[in-house]
Protein chains: 4
Amino acid sequence: MMLHVAVIGYSGSINNSPVKELRSICEEVGKLLARHGHVVMTGGRDGVMELVSRAVSIEGGRVVGVLPTGDEGNNHNEVRIRTGMDFALRSLILTKSADVVISMGGQAGTLLEIISAYSYGRPVILLENTGGWTDRIRSVLIDDKYLDERKTVEIKVADSIEDLEKFIKEADNGKV
Amino acid sequence: MMLHVAVIGYSGSINNSPVKELRSICEEVGKLLARHGHVVMTGGRDGVMELVSRAVSIEGGRVVGVLPTGDEGNNHNEVRIRTGMDFALRSLILTKSADVVISMGGQAGTLLEIISAYSYGRPVILLENTGGWTDRIRSVLIDDKYLDERKTVEIKVADSIEDLEKFIKEADNGKV
Amino acid sequence: MMLHVAVIGYSGSINNSPVKELRSICEEVGKLLARHGHVVMTGGRDGVMELVSRAVSIEGGRVVGVLPTGDEGNNHNEVRIRTGMDFALRSLILTKSADVVISMGGQAGTLLEIISAYSYGRPVILLENTGGWTDRIRSVLIDDKYLDERKTVEIKVADSIEDLEKFIKEADNGKV
Amino acid sequence: MMLHVAVIGYSGSINNSPVKELRSICEEVGKLLARHGHVVMTGGRDGVMELVSRAVSIEGGRVVGVLPTGDEGNNHNEVRIRTGMDFALRSLILTKSADVVISMGGQAGTLLEIISAYSYGRPVILLENTGGWTDRIRSVLIDDKYLDERKTVEIKVADSIEDLEKFIKEADNGKV
């Protein structure tokens, strides 16, 4: 069974801050996921979702967009899931469907996805120094890795692409 | 954008009636969809879903399983959408995500999928003589093709694989 | 625990056909449900939903509107459930939440609600001669009361308010 | 239109920590909401949900339980919404349906509800010193009241029942 990797983070135009500053890292992440043949899932829209999906698509990888109602998504979704649900509800279908979640930057919508991934027992990998809730959430983690005392699953911090690759491999081996 | 084709119909063991009698037609449908490179979507479970998904998978095609909560699905889903929802709710995410729906046999769950596809404006192709609601629904269609006076979209009847192929092509061309 | 009764049927303006012809029967149904103190649930919008909800409200009864995303509903919902979901998905939350469902007239959306109620094991009471799918569905019932061979639950036909009252009482006693 | 107030917080047995320590404050909150005639909504289960619902029920108030699939809820739900969805998805229907949300204690599930309420533009009132994420979230608020730079809606902190009453009144007046 192929590993399903969700990528979450800032939405907004890919030509404006704070998304444009993440272009390079998004492209590296996309290439990495495509090279390993993982199924890449996003919320299907703009921002980090679009940058990563484009990179995966260029490399010939698989992209699944989990879309809110009334949105046809960016142009890089090979598979479109039209959930018929609002932004927040569809975010939970995204994180539940993933085996592991990668987070870059992000506002409250991204925070909701991080929390839901943890609740569903999906490991989250925070890409360090990408801003927003990906960095801010760290100050309130319990033992630097949990969101509550149930310790459902570990939240990891990756400080490089190599680090990210290692954590994804661990998730793939069911070691996380 | 690739055509998303949902296949619906009888659930249950593929070795028992009424599913086993549909093995040959399911394999033909799966091969056809794989050959055209369409994205094949099912409810991800047993019965017609499993037979078609297996055939698509053997041909190297793409299969997406839209799963109800607590079910990991059959072994032929390249992409698994874990909806977190009950059987009926997840059926609607399936039909809404599809551009066109193919129906073979089926009990009340299949009927629900046919009705929802129509409500979402997705053309449904009934494969003639496959039993269940796929055949029974025909007696209550308005003008032999609609489910209400809004005439949202046409329900088609295919009496052969060639006929089916023609209707799918029409859907792909946006002609339906 | 109070009985939860869903009322489904034609949408559209209450001043136009085919809704206006059902005004009297809707008011009788609303009064009956209010008098028994049942929780009345609808899809929260216009048509049969509005007529019944208004009657229940005038009698001091409880009305719950299960709303699709982006719709604030009619003025008679004491409780509003904002599902964040499209019309069809929210219809399933409505029928699943009900203990028994009453149907009057209706297009494809009502048919979807009848089928989903059956799938969830909720008895449906068809009010005879109210038109649309409430009458049309009868010709395809198996043994005049089932939607498939699983015989999940009985679909009833009421030809009068007294008949309806009797079936609701049976549902309340768990006899249906 | 009646004000819909959601109450969220610790789940678990009402006889064990950390729920039992909140019994008194839950009863005060329940009485307050019942006295004002607000519609009280919870996730329908144990813990803070049960304690508040019981208090509202004793006072003759209205309680709506928004239940996950497979759970019939506590005994104090006048209205049961059976969502057919998992715990997290149903939490979003709860917060979206509310006009204002009160939070006491809570693990990751409560955090998810706080974040989703903010995303939906529903004001959240944190009851001070009730533990869990209700207290912990405060350290990461932007300007002591927002969850992101969009400043969608204010998160408030109430240090007494009087304070809580004032904030609810503001929400009712649309001032929040």
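The values are calculated or read from the model by the stated rules, or taken from the named source; none is laboratory data. Note that this is a predicted model, so its numbers are computed, not measured. Glycine gets a Cβ as well: all are built from the backbone with ideal geometry, and neighbour counts include every protein chain shown. Ligands, DNA and RNA are stripped out before the accessible areas are found, and what is left, the full protein with its side chains, is counted by its heavy atoms. Shrake-Rupley method; radii C 1.70, N 1.55, O 1.52, S 1.80 Å.
Kindly provide the set of residues from the stretch D:149-162 that are in contact (Cβ under 8 Å) with a residue 24 or more places away in the chain and not aliphatic (A, V, I, L, M), ordered by number.
Step one: filter the stretch D:149-162 for residues in contact (Cβ under 8 Å) with a residue 24 or more places away in the chain, giving D:152-159, D:161.
D:152, D:154, D:156, D:159 - these are the residues of the stretch D:149-162 that are in contact (Cβ under 8 Å) with a residue 24 or more places away in the chain and not aliphatic (A, V, I, L, M).
Would you mind telling me which numbered condition in (1) in contact with a Gly (Cβ under 8 Å, 6 or more places away or on another chain); (2) free of Cβ contacts under 8 Å to residues at least 40 places away in the same chain; (3) at the interface with chain C (Cβ under 10 Å from one of its Cβ atoms); (4) open to solvent by 10 Å² or more (accessible area, probe 1.4 Å) residue B:133 fails?
It is condition (4) that residue B:133 fails.
Output the qualifying pairs, or none if there are none: Cβ atoms under 6 angstrom, residues six or more apart or on different chains, first residue in the stretch D:65-94 and within 14 Å of chain B (Cβ to nearest Cβ) and surrounded by 22 or more Cβ atoms within 10 Å (Cβ to Cβ), second residue among the small types (Gly, Ala, Ser) and in a helix (DSSP H, G or I).
D:81/C:97; D:82/C:97; D:88/A:116; D:88/A:119; D:92/A:88; D:92/D:116
Please work out which one of (1) more than 11 Å from chain D (Cβ to nearest Cβ); (2) in contact (Cβ under 8 Å) with a residue 40 or more places away in the chain; (3) open to solvent by less than 10 Å² (accessible area, probe 1.4 Å) is the condition residue A:99 fails and give its number.
In the conditions (1) more than 11 Å from chain D (Cβ to nearest Cβ); (2) in contact (Cβ under 8 Å) with a residue 40 or more places away in the chain; (3) open to solvent by less than 10 Å² (accessible area, probe 1.4 Å), residue A:99 misses (3) alone.
Give just the number: which of (1) in contact (Cβ under 8 Å) with a residue 40 or more places away in the chain; (2) outside any loop (DSSP other than H, G, I, E, B) does residue A:11 not satisfy?
Failed condition: (2).
Kindly indicate whether residue B:127 is within 9 Å of chain C (Cβ to nearest Cβ) and of a type in the set (A, V, I, L, M).
On the way: within 9 Å of chain C (Cβ to nearest Cβ): no; of a type in the set (A, V, I, L, M): yes.
No; evaluated as a whole, the condition is false for this residue.
Here are some residues: B:144, B:172. Which one is out of contact with any Phe, Trp or Tyr (no Cβ under 7 Å at 6 or more places or on another chain), of a type in the set (D, E, K, R), touching a residue at least 24 places away in the same chain (Cβ under 8 Å) and surrounded by fewer than 23 Cβ atoms within 10 Å (Cβ to Cβ)? Lay out the reasoning, then the answer.
Details: B:144 fails: touching a residue at least 24 places away in the same chain (Cβ under 8 Å).
It is B:172.
Restricting attention to the stretch D:110-126, which residues are farther than 16 Å from residue D:11 by Cβ and among the hydrophobic types (A, V, I, L, M, F, W, C)?
Of the residues in the stretch D:110-126, the ones farther than 16 Å from residue D:11 by Cβ are D:115-126.
Within the stretch D:110-126, D:115, D:117, D:124, D:125, D:126 qualify.
Give just the number: which of (1) free of Cβ contacts under 8 Å to residues at least 40 places away in the same chain; (2) within 17 Å of residue D:25 (Cα to Cα) does residue D:165 not satisfy?
Tallying (1) free of Cβ contacts under 8 Å to residues at least 40 places away in the same chain; (2) within 17 Å of residue D:25 (Cα to Cα), residue D:165 fails exactly one: (1).
Would you tally the residues in the stretch B:22-35 being open to solvent by 10 Å² or more (accessible area, probe 1.4 Å) and aliphatic (A, V, I, L, M)?
Step one: of the stretch B:22-35, the residues open to solvent by 10 Å² or more (accessible area, probe 1.4 Å) are B:22-25, B:27-28, B:31, B:34-35.
After this cut, where a residue has to be aliphatic (A, V, I, L, M) as well, the list is B:22, B:25, B:34.
Number of matching residues: 3.
Of the residues that make up the stretch A:152-165, is at least one under 29 Å from residue B:68 (Cα atoms) and acidic (Asp, Glu)?
yes
Inside the stretch B:14-39, can you point out the residues that are in contact with a strand residue (DSSP E or B) (Cβ under 7 Å, 6 or more places away or on another chain) and aliphatic (A, V, I, L, M)?
Matches in the stretch B:14-39: B:22, B:25, B:29, B:33, B:39.
Quick check on the stretch D:12-21. Is at least one of its residues closer than 28 Å to residue B:83 by Cβ, open to solvent by less than 50 Å² (accessible area, probe 1.4 Å) and at pLDDT 95 or above? Outline the logic, then answer.
First, pick out the residues of the stretch D:12-21 that are closer than 28 Å to residue B:83 by Cβ: D:12.
Narrowing further to those that are open to solvent by less than 50 Å² (accessible area, probe 1.4 Å): D:12.
Still in the running and at pLDDT 95 or above: D:12.
Within the stretch D:12-21, one or more residues are closer than 28 Å to residue B:83 by Cβ, open to solvent by less than 50 Å² (accessible area, probe 1.4 Å) and at pLDDT 95 or above.
Which numbered condition trips up residue A:72, out of (1) at pLDDT below 95; (2) assigned to a strand (DSSP E or B)?
Looking at each condition in turn, residue A:72 falls short on (2).
What's the total number of residues in the stretch D:136-167 that are touching a strand residue (DSSP E or B) at 6+ places or on another chain (Cβ under 6 Å) and either modelled with pLDDT under 95 or away from every other protein chain (no Cβ under 14 Å) (or both)?
5
Sort through C:160, C:116, C:139 and tell me the only one that's of a type in the set (S, T, N, Q) and open to solvent by less than 30 Å² (accessible area, probe 1.4 Å).
Details: C:160 fails: open to solvent by less than 30 Å² (accessible area, probe 1.4 Å); C:139 fails: open to solvent by less than 30 Å² (accessible area, probe 1.4 Å).
None of the others qualify; the one that does is C:116.
Inside the stretch A:51-65, can you point out the residues that are under 13 Å from residue A:77 (Cβ atoms) and not in a strand (DSSP E or B)? Write out each step before concluding.
The first filter runs over the stretch A:51-65 and keeps only residues under 13 Å from residue A:77 (Cβ atoms), leaving A:52-54, A:56-57, A:61-65.
Passing the criteria: A:52, A:53, A:54, A:56, A:57, A:61.
Answer yes or no: is there a residue in the stretch A:46-58 that is touching a helix residue (DSSP H, G or I) at 6+ places or on another chain (Cβ under 8 Å), open to solvent by less than 40 Å² (accessible area, probe 1.4 Å), of a type in the set (A, V, I, L, M) and within 14 Å of another protein chain (Cβ to nearest Cβ).
yes
Filter the stretch C:36-45 down to residues that are among the small types (Gly, Ala, Ser) and open to solvent by 20 Å² or more (accessible area, probe 1.4 Å), then give me how many there are. It would help to see each step written out before you state the result.
Filtering the stretch C:36-45 down to residues among the small types (Gly, Ala, Ser) leaves C:37, C:43-44.
The next check asks that each one be open to solvent by 20 Å² or more (accessible area, probe 1.4 Å); those that pass are C:37.
Number of matching residues: 1.
Would a scan of the stretch A:121-131 turn up a residue that is over 14 Å from residue A:156 (Cβ atoms), of a type outside the set (Val, Ile, Thr), in a helix (DSSP H, G or I) and modelled with pLDDT of 95 or more?
No - not one qualifying residue is present in the stretch A:121-131.
In the stretch B:18-50, what residues are part of a helix (DSSP H, G or I) and under 12 Å from the mean Cα position of the chain (by Cα)? Outline the logic, then answer.
Applying the first criterion (part of a helix (DSSP H, G or I)) to the stretch B:18-50 yields B:20-35, B:48-50.
Within the stretch B:18-50, B:26, B:29, B:30, B:33, B:48, B:49, B:50 meet the criteria.
Could you please give the count of residues in the stretch C:102-113 that are facing another protein chain (nearest Cβ under 7 Å), open to solvent by less than 10 Å² (accessible area, probe 1.4 Å) and in contact with an Asp or Glu (Cβ under 8 Å, 6 or more places away or on another chain)? Explain how you work it out, then say what you get.
So in the stretch C:102-113, the residues facing another protein chain (nearest Cβ under 7 Å) come out as C:107-109, C:111-112.
When the remaining residues are screened for being open to solvent by less than 10 Å² (accessible area, probe 1.4 Å), the result is C:108, C:111-112.
Subsequent filtering for residues that are in contact with an Asp or Glu (Cβ under 8 Å, 6 or more places away or on another chain) retains C:108, C:111.
Number of matching residues: 2.
Taking only the stretch C:24-45 into account, find how many residues are out of contact with any helix residue (DSSP H, G or I) (no Cβ under 6 Å at 6 or more places or on another chain), free of Cβ contacts under 8 Å to residues at least 60 places away in the same chain and of a type outside the set (A, V, I, L, M, F, W, C).
Residues in the stretch C:24-45 being out of contact with any helix residue (DSSP H, G or I) (no Cβ under 6 Å at 6 or more places or on another chain), free of Cβ contacts under 8 Å to residues at least 60 places away in the same chain and of a type outside the set (A, V, I, L, M, F, W, C): 5 in total.
For residues that are assigned to a helix (DSSP H, G or I) and under 11 Å from the mean Cα position of the chain (by Cα), scanning just the stretch B:89-110, find the one that is nearest to residue B:64 (Cα to Cα). Walk me through it before giving the result.
To start, the set of residues in the stretch B:89-110 that are assigned to a helix (DSSP H, G or I) comprises B:89-97, B:108-110.
Cutting the leftovers down to under 11 Å from the mean Cα position of the chain (by Cα) gives us B:91, B:94-95, B:110.
Numbers: B:91: 13, B:94: 10, B:95: 12, B:110: 18 Å.
Of everything passing the filter in the stretch B:89-110, B:94 is nearest to residue B:64 (Cα to Cα).
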